[in-house]
Amino acid sequence: IRARHDAESTPSLIASVERLGLDNGKCSVLGDSVNYAPTAAALVNGTLAHSLDYDDTHASASLHSSAPIVPAALAAAEMSGASGKDLIAACIVGYELQIRLSLALRPSDHYDRGYHPTATCGVFGAAAAAGKLLGMDADGIQSAFGIALSQSAGSMQFLADGSWTKRSHVGQAAQNGLICAVMASEGFKGPKAAFEGKWGFLHAYAPDANSDEAVAELGKRWETLRLAVKPYPSCRYSHAAMDALIQLKKEHNIDLDEIEEVEVGLAEMGWKIIGNPEEDKHNPKSVVEGQFSMPFCAAVALREGDMVWDDYAKHINDKNTLSLCKKVNVSIDPRVEDMAPDFMSGAVRVKTSTSEYQTMVKIALGEPENFMNEEQFRGKFGGLCSPYIGQDKSAKLADALMHLEEANSIRKIMELSQPSA
């Protein structure tokens, strides 16, 4: 909802959808009063879901699940008249598939090839979720996966210049997953060995995939229960270090003017994404670059004692924040590396003119072992939604989502997200 109105990439996205004539349908976009074609609703909702970098994460699979999967499921639910309980089941199907594929690929190998697993694996999860809601049988789902194999995409090249494709390729995963499911449901045939074939996903997208990981304890071990919720709108690899810095500032009442140096220790994969190259991370020039700069996120956390979406507008061009940002050095910490990939931990050391403080956070706020409570959930939700749909409607929407399993109509819930007059 906030991204529909605040993200800088949204106007061009909506204008594109309108120019393509896809703004005259029966499916909903959160935070919007216009009805869209199902594919456009999935594309826009998926892109919006990932635009603030506030969406859920899975540590060991190193991806986001809801952004590519829920939008495809919402569109399919509106197409089929599914209930809230149906929607929940479909999303879990999608989560399990997407997460397990990333685990099988070995995320670090997949990233090293330049792929973004949220999107590449997400299109298969989106197809599975949509297919379940459309009532497809096993053969149909298999064909949907085969069709999705040719739609699996998502490049990490956006890191080079802070461009917006990280957002759109997740939306496209939602859109394409829905299209794949509908095509297969109408009888279109896709290759059967989408994952394990000679040119299938597991062979083409990583050098040493382990297909056993995809089905290990399937139906017994639920990867969905290992999803984390973000308290801050930035790359998840930054969060444990931000927790640590916020903790040190609060405990020791650190005077920011006295800070001489801040050291942040991350696992290698986190360092590659938000710590390197140092020159770029010390000089973020856009929201995307800020979201993927550990120094910038650390500077905001120290100045604010928190980080929320509105802090980007406040700090991205703030000379004091950028000055502090340049004092933050990021490196690979062996202790943190030992905890990866199960935990996205972070170690910090703050050196001031008078003292030195250090700590390490193993389990970032929002992980299943350190989960956010309902008050924190609602605080985050209300802070994002209320400016555009009002406090009353925001509270009603939150209540409806917290009791989604009781809903007979997804459309009525979506209507609660429409902007206030």
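So the values come out like this:
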{"item": "Burial order of peptide ranges 1-7, 197-203 (average beta-carbon count within 10 Å, highest first)", "result": "1-7, 197-203"}
{"item": "Virtual paramagnetic centre 7 Å along Cα→Cβ of residue 268, amide N under 20 Å, in region 327-367", "result": "330-347"}
{"item": "Region 197-220 versus region 3-54: alpha-carbon centroid distance in Å", "result": "33 Å"}
{"item": "Among 233, 284, 207, residue whose mean-square fluctuation peaks in a GNM of the chain (springs only between Cα atoms under 10 Å)", "result": "207"}
{"item": "For region 107-164, convex hull volume per residue from C-alpha positions, Å³", "result": "89 Å³"}
{"item": "222 nm mean residue ellipticity, helices alone, for the chain (DSSP H n ≥ 4; -39,500 (n - 2.57); rounded to 500)", "result": "-15500 deg cm²/dmol"}
{"item": "Proximal charge balance of residue 268 [Cβ under 13 Å; K/R count +1, D/E count -1]", "result": "-3"}
{"item": "Length added when fully stretched, residue 358-residue 342, from 0.36 nm per residue minus Cα-Cα", "result": "3.5 nm"}
{"item": "Extension reserve of the residue 18-residue 199 stretch, reckoned as 0.36 nm per residue once the Cα distance is removed", "result": "61.5 nm"}
{"item": "Cβ charges +1 (Lys, Arg) and -1 (Asp, Glu), total dipole of region 65-142, debye", "result": "160 debye"}
{"item": "Contour excess over end-to-end distance, with Cα ends at residue 186 and residue 210 and 0.36 nm allotted per residue", "result": "5.4 nm"}
{"item": "Charge-dipole axis of the chain as Lys and Arg at +1 and Asp and Glu at -1 on Cβ define it, positive-most pick from 273, 182, 397", "result": "182"}
{"item": "Gyration tensor verdict on region 305-421 (Cα atoms; rounded if a/c is under 1.5, prolate if a/b is larger than b/c, oblate otherwise)", "result": "oblate"}
{"item": "Label point distance in nm, residue 401-residue 5, each placed 7 Å from Cα along Cα→Cβ", "result": "1.5 nm"}
{"item": "Accessible area per residue, Å², the chain with all protein chains present, probe 1.4 Å", "result": "42 Å²"}
{"item": "Angle in degrees between helix 165-185 and the longest Cα principal axis of the chain, rounded to the nearest 10", "result": "20 degrees"}
{"item": "Highest to lowest packing among 25-36, 77-88, 297-308, scored as the average C-beta count within 10 Å", "result": "297-308, 25-36, 77-88"}
{"item": "Approximate spin-label separation residue 150-residue 370, in nm, with each point projected 7 Å along Cα-to-Cβ", "result": "4.6 nm"}
{"item": "Within-11-Å neighbourhood charge of residue 236 [Cβ basis; K, R +1; D, E -1]", "result": "-3"}
{"item": "Among 378-386, 42-50, the order from most to least packed when residues are scored by Cβ within 10 Å on average", "result": "42-50, 378-386"}
{"item": "Fraction of accessible area attributable to carbon and sulfur, region 166-246 (%, probe 1.4 Å)", "result": "57 percent"}
{"item": "Projected label distance in nm at residue 261 and residue 310, using a 7 Å step from Cα toward the beta-carbon", "result": "3.7 nm"}
{"item": "On Cα atoms only, tilt of 66-80 relative to the major axis of the chain in degrees", "result": "30 degrees"}
{"item": "Region 170-187-region 257-319 distance, computed between alpha-carbon centres (Å)", "result": "37 Å"}
{"item": "Helix axis angle, 122-133 relative to the chain longest principal axis, alpha carbon, degrees", "result": "40 degrees"}
{"item": "Max mean-square fluctuation residue, GNM over the chain, Cα-Cα springs under 10 Å, options 176, 317, 253", "result": "253"}
{"item": "Surface share of carbon and sulfur [accessible, 1.4 angstrom probe, percent] for region 1-95", "result": "54 percent"}
{"item": "For the chain, built as a Gaussian network whose Cα springs stay under 10 Å, the top-fluctuating residue of 311, 392, 56", "result": "392"}
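The values are calculated or read from the model by the stated rules, or taken from the named source; none is laboratory data. Computed from a predicted structure; not experimentally measured. Using ideal geometry, Cβ is built from the backbone for each residue, glycine included, and neighbour counts are taken over all protein chains shown. To get the accessible areas, we keep the full protein, side chains included, count just its heavy atoms, and leave off ligands, DNA and RNA. Shrake-Rupley method; radii C 1.70, N 1.55, O 1.52, S 1.80 Å.
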